[in-house]
Amino acid sequence: MVSLSDQELEMIEGTVSSVIFQNEENGYTILKLDVHGEEVTVVGPMAGTAPGEYLSVRGRWTRHPTYGPQMKAEVVDRRLPQSMKEIFHYLSSGAIKGVGKTTARLIIEEFGEDALTVIEEDPEQLTKIKGITKKRARQIGEVFRQQMGTRRLMEFLTQHQLPLELAGLLRRAYGDVALEVVKANPYLLVNEEFEVEFSQADKLALDLGVGAEDPLRLEAGLIFELAHNNYNNGHTFLPRRKLVEATSVLLEVSGELLEDCLEALLRRGEAECEQVAGQEAVYLPALHEAEAYIAQRILEMSQAELLPPEGLDRLIRRIEKEQRISYAPQQRSAVELAASRQVMLLTGGPGTGKTTCLRGVLALFEMMGLDTALAAPTGRAAKRLGELCNTEASTIHRLLETGFDPHTGKLVFTRNSYDPLKADAVIVDETSMVDVPLMAALLDALRDDCRLVLVGDPDQLPSVGPGALFADLIRSETVPTVRLTEIFRQAAQSAIIRNAHLINRGEVPDLRRNEGDFFCLARRDPQEVLDTIVDLCRRRLPERMGIPADQIQVLSPWVFRAGDRVMQVRNNYDILWREEGGTDSGMGMFNGDIGVIRSIEKEVITVDFDGKVVEYSPDMLGELEPAFAVTVHKAQGSEYRAVILAALDGAPMLMTRGVLYTAVTRARELFIVVGDPAAVAGMVHNNRQTRRYSGLRARLTEE
């Protein structure tokens with residue numbers, strides 16, 4: 001689709017003489033077009049184009065610095081070769097595997113202008129040609145049908161303004177009938193593996209004649225709303241009433257119609273519904289299974305009491321001697337509990353000795369002859385864990401050995417109940433970041449007698465994915481737990497640690513006392529905040545504190561502001577851009593494109609990508625990420641020598657105590673907040689926590 005009128009585009013027509021380059025993933029092609037005997041270079045999205053095809057191309061002339069004039073295609077109309085000369089050129093080009101120039105000539109001589117029809121619809125007729133067996137004829141026909149299927153699918157996607165890379169994903173999932181499958185149910189494009197926006201799939205369905213109250217549309221809306229809220233907002237289920245209400249707004253239909261469709265989904269097992277925590281909870285089947293499995297397995301492990309090793313006191317004294325420490329009572333309890341329970345939780349804020357306990361538990365397991373695996377949710381957290389324990393640690397995904405399912409195109413874990421981990425014990429750090437599906441996968445991969453130690457701080461931000469797993473486990477009070485509350489003298493000397501605990505209790509630190517490792521630089525003007533942060537990173541901290549710029553992390557509790565540098569993080573071939581100050585326009589922004597936010601008005605963010613101006617509506621914001629700093633959420637699980645937090649007024653849902661607490665606890669040596677002290681105080685007082693619908697705690701306590 002082109003935003004400009006046809007009069008503003010030039011048109012050329014001709015036969016493809018050669019294809020110089022073609023990207024099978026996105027269809028970008030460079031080819032030579034024979035236009036009345038003159039070869040013209042054409043570039044653009046022309047997936048599956050082969051020599052011999054006749055093209056009508058509308059676009060603009062550009063000049064490549066090396067290759068000279070080129071036609072940049074914006075609209076391409078294609079037709080298969082029709083004359084015998086065109087068909088011969090097409091077949092002899094190698095476009096169909098197994099057909100060369102000699103075979104192409106024989107096919108043309110036998111079938112003339114019907115050659116391509118014969119190859120697609122009745123390939124066994126090719127056996128009339130000497131040297132072509134039935135097997136080879138069928139192979140030629142199969143290859144050609146696949147090409148035609150891909151071509152028609154590409155044309156369909158282009159016609160309906162959908163990303164061309166969907167073609168490969170759809171064919172991998174549905175094979176030769178991919179186009180028919182999409183036409184029969186356009187809403188499958190919303191599935192995780194395709195990631196098409198619901199609004200796009202809905203428009204396609206309506207364009208194809210699906211009625212506004214068609215059960216296909218209503219059921220798809222219910223499943224989308226359920227999945228969208230679960231995976232984007234951290235829920236494992238939605239109350240039935242809320243699900244119906246939200247879908248009613250999305251589709252603009254009555255709740256009564258949706259209730260009937262929901263019942264149909266429940267009967268077919270495409271959704272699950274049960275009473276949980278006083279709610280009529282509707283689940284996606286996978287999340288229902290994962291949550292129920294976690295509750296069952298954790299309860300079984302919690303009830304298992306193991307025989308501690310002989311001479312446990314002696315072993316603990318030996319650990320203290322080797323690690324040159326003396327355990328406080330709570331720390332000793334943690335090590336002792338690990339010796340006698342199959343599963344335990346270890347929790348506490350900064351400076352309370354979690355790392356000391358973790359090292360002690362690891363040393364004890366080694367003395368007991370247990371093969372212990374250390375893991376964390378993210379690569380940075382795993383690296384930090386390995387450094388703290390002076391041993392190897394991995395991400396949970398790596399521990400479970402992520403593989404690729406060629407049938408679905410999805411990542412899967414090769415370690416499971418059929419091929420469990422060899423470890424006798426697993427210790428997981430930063431468990432607050434672990435979501436329900438990942439924990440279910442980990443538990444499924446543990447041998448029946450494997451020990452599990454979960455370490456974390458429940459006051460940090462919850463997992464991005466579904467559930468509030470670590471907090472639910474703690475609040476259920478059904479899992480053996482050690483809570484570390486004592487702040488040790490050495491740690492208490494750190495203003496970072498003291499202030500983190502003040503913030504967690506809802507008390508505002510004294511931001512006027514700039515001493516030690518915690519500073520507040522009051523700046524109320526956004527430009528002053530930016531200038532100060534740049535100066536800190538570029539000059540003051542490297543020169544005065546000896547902290548290189550690459551060991552400083554700037555954090556921001558909000559996401560987007562005018563002047564922010566942002567990055568497009570997905571390929572979007574359908575997004576429209578216009579030239580700043582000009583009349584030119586086009587389509588497509590790509591992963592890695594960096595721009596600057598020019599304005600935010602009426603929930604529309606306008607971004608300038610080096611002269612290409614793009615407007616982002618709220619449903620598109622998932623395609624943008626900050627490029628000069630990271631959000632506090634993305635810093636979770638990491639630790640930096642120095643952290644600079646930008647703090648000015650922002651959205652209440654982001655300016656919270658949990659965000660501030662998490663930001664402060666990311667700093668190892670130095671924390672600097674630059675901004676308005678009133679905004680910092682507001683974050684401390686704002687203990688707003690978005691409710692997550694999760695049934696894990698209820699399952700643990702009820703069972």
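When Lys and Arg each count +1 and Asp and Glu each count -1, what net charge do the other residues less than 14 Å away from Val35, Cβ to Cβ, add up to? It works out to a net charge of -4.
Residue separation of Val249 and Thr701 scaled by 0.36 nm, minus their Cα-Cα distance, works out to 159.2 nm of gained length.
List the trypsin sites (Lys or Arg not before Pro) in the stretch 28-122 that DSSP assigns to loop (not H, G, I, E or B) and whose Cβ has at most 14 other Cβ atoms within 10 Å. Which are they? Display every interim value, and only then the final one.
Values: sites: Lys32, Arg58, Arg60, Arg63, Lys72, Arg78, Arg79, Lys85, Lys97, Lys101, Arg105; in loops: Lys97.
For trypsin sites (Lys or Arg not before Pro) across the stretch 28-122 that sit outside H, G, I, E and B with at most 14 neighbouring Cβ atoms in 10 Å, the list reads Lys97.
For the stretch 150-264, which semi-axes, largest first and in whole Å, follow from the square roots of 5 times the eigenvalues of its Cα gyration tensor?
Values: eigenvalues 144, 49, 25 Å².
Value: 27, 16, 11 Å, ordered largest first.
What size of dipole, in debye to the nearest 20, comes out for the chain about its Cα centre when the only charges are +1 on Lys and Arg C-beta atoms and -1 on Asp and Glu C-beta atoms? Write down the numbers at each step before the final one.
Values: 79 positive and 104 negative charges, 516 e Å.
The calculated dipole for the chain is roughly 2480 debye.
Rounded to the nearest 10 degrees, the inclination of helix 285-303 to the longest alpha-carbon principal axis of the chain is 30 degrees.
Phi angles across the stretch 188-204 convert, under the Karplus curve 6.51 cos²θ - 1.76 cosθ + 1.60 with θ = phi - 60°, into 3J(HN,Hα) values of 5, 5, 6, 4, 3, 6, 9, 6, 7, 4, 4, 4, 5, 5, 5, 4, 4 Hz, Gly and Pro given as x. Computed from phi, the 3J(HN,Hα) profile of the stretch 89-106 under the Karplus parametrisation 6.51, -1.76, 1.60 (θ = phi - 60°) reads 4, 5, 5, 6, 6, x, 4, 10, 4, x, 10, x, 5, 5, 5, 4, 5, 5 Hz, with x in place of Gly and Pro.
How long are the three semi-axes of the equivalent ellipsoid for the stretch 284-426, computed from the Cα gyration tensor as the root of 5 times each eigenvalue, in whole Å, largest first? Let's see the in-between values first.
Working: eigenvalues 191, 67, 43 Å².
Values for the stretch 284-426, descending: 31, 18, 15 Å.
With both labels modelled 7 Å from their Cα along Cα-to-Cβ, the Arg688 to Lys85 distance reads 7.1 nm. The protection proxy used here, the mean number of other Cβ atoms lying within 10 Å of each residue, ranks peptides 377-389, 412-424 as follows, highest first: 377-389, 412-424. If the chain linking Lys242 and Asn514 were pulled fully straight, counting 0.36 nm for each residue of separation and taking away their Cα-Cα distance, it would gain 93.1 nm.
Measuring with a 1.4 angstrom probe and ignoring ligands and nucleic acids, Leu645 comes out at about 0 Å² accessible.
Given R₀ = 22 Å, FRET efficiency for Gln159-His36 by Cβ-Cβ distance, to 0.05?
Numbers: r = 29 Å, r/R0 = 1.30.
FRET efficiency, Gln159 to His36: 0.15.
Label point 7 Å out from Phe21 along Cα-to-Cβ: which residues of the stretch 52-80 have amide N under 17 Å? Output list for this probe position: 62-73. Taking R0 as 45 Å, what FRET efficiency do you get between Leu216 and His633 from their Cβ-Cβ distance, rounded to the nearest 0.05? FRET efficiency, Leu216 to His633: 0.80.
Tell me whether the stretch 98-139 comes out rounded, prolate or oblate; compute the Cα gyration tensor, take square roots of the eigenvalues as a ≥ b ≥ c, and use a/c under 1.5 as the rounded threshold.
Working: a/c = 1.58, a/b = 1.08, b/c = 1.45.
Oblate shape, in that a/c is at least 1.5 and b/c is the bigger or equal ratio.
Mean residue ellipticity at 222 nm, helices only, the chain: -11500 deg cm²/dmol; runs of at least 4 DSSP H residues each add -39,500 (n - 2.57), and the sum is divided by the number of residues. Accessible surface of Met11, taken over heavy atoms with a 1.4 Å probe and every protein chain present, rounds to 120 Å².
Heavy-atom accessible surface of Arg523, to the nearest 10 Å², is about 60 Å², with a 1.4 Å probe and all protein chains retained. Extension gain, Glu387 to Glu13, is 128.3 nm, computed as 0.36 nm per intervening residue step minus the present C-alpha separation.
For the stretch 303-385, what value does the Rg/Rh ratio take when both radii are computed over Cα atoms and Rh is the Kirkwood radius, given to two decimals? Working shown, then result.
Working: Rg = 13.0 Å, Rh = 13.6 Å.
Taking Rh as the inverse mean 1/r over Cα pairs, Rg/Rh reads 0.96.
For the stretch 649-664, 3J(HN,Hα) computed residue by residue from phi via the Karplus equation (6.51, -1.76, 1.60; θ = phi - 60°) reads 4, x, 4, x, 5, 10, 8, 10, 4, x, 5, 5, 4, 5, 4, 4 Hz, glycine and proline entered as x.
Rounded to the nearest 20, the size of the Cβ-charge dipole of the stretch 422-519 about its Cα centre is 280 debye, with Lys and Arg at +1 and Asp and Glu at -1. In this label model, Glu477 and Asn185 are separated by 4.6 nm, measuring between points 7 Å along each Cα→Cβ vector.
Entry note, the chain: relative contact order of 10 percent, from Cα contacts under 8 Å with a spacing of 6+ residues.
Taking 29 Å as the cut-off for C-alpha to C-alpha distance, list the pairs among Lys72/Lys183; Lys101/Lys134; Lys128/Lys183; Lys85/Lys128; Lys72/Lys101 that go past it. Please list the in-between numbers first.
Details: Lys72/Lys183 31 Å; Lys101/Lys134 20 Å; Lys128/Lys183 37 Å; Lys85/Lys128 21 Å; Lys72/Lys101 31 Å.
The answer is Lys72/Lys183; Lys128/Lys183; Lys72/Lys101.
Here the stretch 79-102 and the stretch 259-326 have alpha carbon centers that stand 61 Å from each other.
At a Förster radius of 41 Å, what calculated FRET efficiency corresponds to the Cβ-Cβ distance of Glu289 and Asp531, to the nearest 0.05? Provide the component values of the computation, followed by the final result.
Numbers: r = 53 Å, r/R0 = 1.28.
The formula returns an efficiency of 0.20 here.
Annotation: for a label point projected 7 angstrom from Cα along Cα→Cβ of Leu257, residues of the stretch 188-217 with backbone N closer than 17 Å are 199, 202-217. Sorting Trp61, Trp577 by accessible area puts them as Trp61, Trp577; the probe is 1.4 Å, largest comes first, and only protein heavy atoms count.
Think of the stretch 424-520 as a dipole: +1 on every Lys or Arg Cβ, -1 on every Asp or Glu Cβ, centred on the Cα centre; then among Val455, Gln493, Gly467, Gln493 lies furthest on the positive end.
If you average 1/r over all unlike Cα pairs in the stretch 58-111 and invert the result, what Kirkwood radius do you get in angstrom?
Numbers: mean 1/r = 0.0739 Å⁻¹.
Kirkwood radius, the stretch 58-111: 13.5 Å.
Which label marks the calculated value of Cα Rg over 2.2 N^0.38 Å, given the options (1) 1.00; (2) 1.56; (3) 1.16? Computed from the coordinates, Cα Rg over 2.2 N^0.38 Å corresponds to (3). Note that the stretch 423-561 presents 45 Å² accessible area per residue, ligands and nucleic acids not counted, probe 1.4 Å.
Spin-label model, Glu486/Val604: points 7 Å from Cα along the beta carbon direction are separated by 6.2 nm.
The values are calculated or read from the model by the stated rules, or taken from the named source; none is laboratory data. All figures in this text were calculated on a predicted structure; none of them were measured in a lab. Positions of Cβ are generated from backbone atoms using ideal geometry, with glycine treated the same way; all protein chains shown enter the neighbour counts. Accessible surface areas use protein heavy atoms only, side chains included; no ligands, DNA or RNA. Shrake-Rupley method; radii C 1.70, N 1.55, O 1.52, S 1.80 Å.
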